[in-house]
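Notes to accompany the following structure.
The values are calculated or read from the model by the stated rules, or taken from the named source; none is laboratory data. Just so we're clear, the structure is a prediction, and the values are computed from it rather than from any experiment. Here the Cβ is made from the backbone with ideal geometry for all residues, glycine too, and neighbour counts use every protein chain on show. Just the protein is used for accessible areas: all its heavy atoms, side chains included, with ligands, DNA and RNA removed. Shrake-Rupley method; radii C 1.70, N 1.55, O 1.52, S 1.80 Å.
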Amino acid sequence: MNRRQFVKVAGAFSVIGTELLSSRALAASFVSRHPCFDLHCHPGAFFGRGTKSYGGDEAFAKTVSEARQGGLRAAFFSIAADTLLLKLGDKGVVVSDRKLVEGEAWADCERQLDALEFLMKRENIPLATTARQVSALKKPGELTAMIGCEGGHGL
């Protein structure tokens, strides 16, 4: 297939695919047959738990509930190793140019992991740490967590 043929097929699929997936019944059928994973998420901005800017645990619970209702089987709940360098400004996220003190990012990663562990227990979300555990994910809506880390600052 050459580039032009690919563009035609991809363009047709994007129109047809959007129409097909817009049907809740078809989407639910697809999810029931195929495990769906979120490869990077921060439900309820949990990484901010314990800071003055955190909005509360309800956003985490709401996002998890919606993920379960949608049939999500597993997600990489991602801590953010550079959180201490980020500020939300009028134009979005602004990265500070300050240098982290040795051990500062690691301590913040541990804080975020503690927050995530608390919230996962509260919402009854098991942690998968092996390929076998991930392979065992059978039913849509039985959400399982895996841990991800955005950035290597803590290392």
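Observations on the model:
- E102 vs. criteria part of a helix (DSSP H, G or I) and either modelled with pLDDT of 85 or more or out of contact with any Lys or Arg (no Cβ under 7 Å at 6 or more places or on another chain) (or both): no
- All positions within the stretch 113-128 that are under 14 Å from F46 (Cα atoms) and either of a type in the set (D, E, K, R) or open to solvent by 70 Å² or more (accessible area, probe 1.4 Å) (or both): D114, E117, F118, K121, R122, E123
- Residues of the stretch 81-99 classified as assigned to a loop (DSSP other than H, G, I, E, B) and open to solvent by 90 Å² or more (accessible area, probe 1.4 Å), total: 5
- Among the conditions (1) on the phi > 0 side of the Ramachandran plot; (2) open to solvent by less than 20 Å² (accessible area, probe 1.4 Å); (3) not hydrophobic (A, V, I, L, M, F, W, C), G151 misses just one, which is (2).
- Within the stretch 129-148, being part of a loop (DSSP other than H, G, I, E, B) and open to solvent by less than 50 Å² (accessible area, probe 1.4 Å) holds for L137, G141, L143.
- Pairs, first surrounded by fewer than 20 Cβ atoms within 10 Å (Cβ to Cβ) in the stretch 41-53, second among the aliphatic types (A, V, I, L, M) and modelled with pLDDT under 95, C-beta under 6 Å, six or more apart: C41/A75
- Residues in the stretch 65-80 that are surrounded by 19 or more Cβ atoms within 10 Å (Cβ to Cβ) and outside any helix (DSSP H, G or I): 9 in all.
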